[in-house]
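Remarks on the structure that follows.
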């Protein structure tokens, strides 16, 4: 079992400060990060600032009843679990709150061990749900010759259980391909760990490190390898590795024994083989080229666009609780005429945005033209070969976050999906750029 997981964050809301402090002392000893609030306004403020995993809330508060607060949480961040605390006389209300979206309830006076069990059970259920959602895109098999051939190669990679290089333009599904191999392969019982060099370079995860290498024994990347032991390590943006890092990655790929602790490595980049030959040492390129998969660009496989559009419409209906039945023919033509520089990810974002703007049972030509007019004004991602730095990059990211939050009507889970980042990263960026989240 992988125990190198981040501490779960819990918010305790009760108008009795003594109860808040008592519950906090119990939970901190169980290695949870805990914040407390004695009124709903303070609780909302904390939820806007922190990506909580779970809220433990009294069902009766002076400034707002538990049902209204629960409804607010679900609209603001549907990934937050809620357990209601109630007096014996309010059990009927607590049961009703579960029908409204609370994951569980607990009666006062609270028994510590029962509380711990309810929290652990709730977090375990949510983890399983997240894992199911995490892999949902990996298993869709689009129509079209290019994707049929792609899945044949992915299935062969599952059987071979070797290290692999995946290349392709941004948004073509490199992460989904890696997750497909993991879920279908022999490493499924062990961790799937992502080492994103782009995120590492932005966060400066190793103080004092001057390059993105394996030099330090306890470096960021060596910790990632330790986390992934026996599982699958997905290395993103590997073009950022310096030469020392490339040499040590080469050693790991070629000298790692293939025993029960064998860790499969999938290296991904949006650079071409020709571009990699100019920045990677020959040995590493030769090693990874032996097992290489190039993901198809959507502009070259337009027959697959209707499949992706209708698939993501189903996803949008489920997430947004809508019942959109069709995409008007004029919109379908707009989809086919567009070049999709952001590939599959851009299709997903476009359909989700269209669903958010649609109040009827079909995506209209008016909505379609509105979206494609916006798409033609600005690129979906940073253009290849350009460098967006400093204030320009901060302004760009802040505008994208504000746009996603506006489209999602403040819902953090949906905004994160639109931006293709995880929820905690979204919270960190909101705090970093001081983004207004009041909707």
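Contour minus end-to-end for residue 148 and residue 28, with contour as 0.36 nm per residue of separation and end-to-end as the Cα-Cα distance? Show your work: numbers first, answer last.
Details: separation 120, 0.36 × 120 = 43.20 nm, distance 5.06 nm.
Going from the current span to full extension adds 38.1 nm.
Report the calculated FRET efficiency for residue 402 and residue 261 (r = Cβ-Cβ distance, R0 = 51 Å), to the nearest 0.05. That gives a FRET efficiency of 0.65. Taking other Cβ atoms within 10 Å as a rough exposure proxy, 47, 125 sort from fewest to most as 125, 47.
By how many nm would the segment from residue 326 to residue 273 grow when fully extended, if each residue of separation counts as 0.36 nm and the alpha-carbon distance is taken off?
Working: separation 53, 0.36 × 53 = 19.08 nm, distance 4.03 nm.
Between residue 326 and residue 273, full extension yields an extra 15.0 nm.
Calculated FRET efficiency, residue 67 to residue 113, Cβ-Cβ distance, R0 = 22 Å: about 0.20 to the nearest 0.05. Expressed to the nearest 5 percent, the antiparallel share of DSSP beta bridges inside the range 9-132 is 5 percent.
Residues 59, 266 in ascending order of nearby Cβ atoms (within 10 Å, fewest first): 59, 266.
Here each label is just a point 7 Å from Cα along the line to Cβ, and for residue 336 and residue 421 those points are 3.7 nm apart. Once label points are set 7 Å from the Cα along Cα→Cβ at both residue 369 and residue 41, what is their separation, rounded to one decimal in nm? The two pseudo-label positions are separated by 4.7 nm.
Going from the fewest other Cβ atoms within 10 Å to the most, the residues 367, 12 appear in the order 367, 12.
Length gain on complete extension for the stretch residue 141 to residue 438, per 0.36 nm per residue less the alpha carbon to alpha carbon distance? Numbers along the way, then the final one.
Working: separation 297, 0.36 × 297 = 106.92 nm, distance 3.91 nm.
Taking residue 141 through residue 438 to full extension adds about 103.0 nm, to one decimal.
Which of rounded, prolate or oblate describes the range 9-132 when judged by the alpha-carbon gyration tensor and an a/c cut-off of 1.5? Could the numbers behind the result be given before it?
On the way: a/c = 1.13, a/b = 1.07, b/c = 1.06.
Judged from the Cα gyration tensor, the range 9-132 comes out rounded (a/c under 1.5).
Here r is the Cβ-Cβ distance between residue 240 and residue 125 and R0 is 35 Å; the resulting FRET efficiency, rounded to 0.05, is 0.40.
Computed from the coordinates by the stated procedures, all read-outs in this text should not be read as laboratory data. Since this is a predicted model, take the numbers as computed values, not measurements. So basically every Cβ, Gly included, is an ideal-geometry build from the backbone, and we count neighbours across all protein chains shown.
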